[in-house]
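These notes concern the structure reproduced below.
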Amino acid sequence: MIAIVDYGMGNLRSVKKAFESLGFLPTVTRNPEEILNSGGLVLPGVGAFGDCMKNLEEFGLVDPIKSFINTGEPFLGICLGLQLLFEESEESLGVNGLGILKGKVVRFPRFDEERLKVPHMGWNQVDAKRPLPILKGIPVGSWFYFVHSYFPEPEDSTVIAGITHYGIEFTSAIETDNIFACQFHPEKSSTLGLKILQNFAVMCGENKKT
């Protein structure tokens with residue numbers, strides 16, 4: 001079973017529907033037992049860093065997420081679900097993230113070029129740093145859909161799995177051990193985005209139900 005963490009906000013339903021369109025049946029849950037017993041965990045995210053961490057804490061989801069990651073089973077973070085893995089964010093000063101990865105989340109600088117708006121919204125290329133099972137069948141430089149004003153700066157550059165250019169070069173995907181997380185939205189990224197979700201489901205040992 002693939003579990004999608006329900007913390008009361010975000011794009012949970014669109015992620016669930018994307019998996020269902022591929023023939024998989026994930027469960028949207030905030031039940032710690034279901035999270036820990038799942039074959040793969042997805043942490044999606046839309047909203048503010050501080051609000052998301054507050055909800056995760058209020059629903060008692062911080063420890064189950066950390067415990068699941070420690071099992072070694074596949075974990076997928078999407079957009080804010082990537083940022084929450086880090087220690088802190090400029091968006092919500094004084095709020096601790098999950099701290100799974102060392103580093104912080106920073107805001108895009110103010111660009112002089114009027115055409116570069118913040119938030120960064122729309123399609124952009126992701127240059128994969130290395131081959132990964134979850135990126136199987138995804139050509140280097142493929143385009144994915146972004147909506148964000150902040151991005152992570154990992155202390156350990158070896159976790160960077162993808163980079164994107166938008167006025168500056170920023171980390172758009174990370175991978176380490178059983179963790180893969182992306183700043184873009186695979187569920188909104190057409191065929192190649194769905195391919196990532198399919199690859200993740202296969203890594204989780206899921207079989208199509210329809």
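Whenever a residue of region 141-164 is within 18 Å of ARG107 (Cα to Cα) and touching a residue at least 24 places away in the same chain (Cβ under 8 Å), its partners that are outside any loop (DSSP other than H, G, I, E, B) and of a type in the set (Asp, Glu), lying with C-beta atoms within less than 6 angstrom and at least six residues away or across chains, give the pairs ILE163/ASP127; ILE163/GLU169.
Restricting the search to region 171-203, which residues are in a strand (DSSP E or B) and either on the phi > 0 side of the Ramachandran plot or touching a residue at least 40 places away in the same chain (Cβ under 8 Å) (or both)? Listed by number, the residues that qualify are SER172, ALA173, ILE174, GLU175, THR176, ILE179, PHE180, ALA181, CYS182, HIS185. Selection of region 100-153 for residues being farther than 23 Å from ALA201 by Cα, charged (D, E, K, R) and assigned to a strand (DSSP E or B) yields LYS104, ARG107, GLU153. Within region 52-80, residues that are over 24 Å from GLU187 (Cα atoms) and modelled with pLDDT of 95 or more reach partners that are surrounded by 14 or more Cβ atoms within 10 Å (Cβ to Cβ) and among the aromatic types (Phe, Trp, Tyr) with beta carbons closer than 7 Å, at six or more positions or on different chains, in the pairs PHE59/TYR7.
Among strands (runs of 3 or more DSSP E) entirely within region 1-45, having at least 3 residues that are hydrophobic (A, V, I, L, M, F, W, C), on the phi < 0 side of the Ramachandran plot and surrounded by fewer than 19 Cβ atoms within 10 Å (Cβ to Cβ) singles out no element at all. Selection of region 75-94 for residues being in contact with a Phe, Trp or Tyr (Cβ under 6 Å, 6 or more places away or on another chain) and within 17 Å of GLY193 (Cβ to Cβ) yields only LEU76. Entry remark, region 147-180: residues being hydrophobic (A, V, I, L, M, F, W, C) and over 14 Å from ALA128 (Cβ atoms) number 5 in total. Of the set (1) out of contact with any strand residue (DSSP E or B) (no Cβ under 7 Å at 6 or more places or on another chain); (2) farther than 16 Å from GLY47 by Cα, all apply to VAL118 but (2). Of all residues in region 103-118, those satisfying the criterion of being surrounded by fewer than 18 Cβ atoms within 10 Å (Cβ to Cβ) and either at pLDDT below 95 or in contact with a helix residue (DSSP H, G or I) (Cβ under 9 Å, 6 or more places away or on another chain) (or both) are PRO109, ARG110, PHE111, ASP112, GLU113, GLU114, ARG115, LEU116, LYS117, VAL118.
The values are calculated or read from the model by the stated rules, or taken from the named source; none is laboratory data. None of these values were measured; they are calculated from a predicted model. All Cβ positions, even for glycine, are placed from backbone atoms using ideal geometry, and neighbour counts span all protein chains on display.
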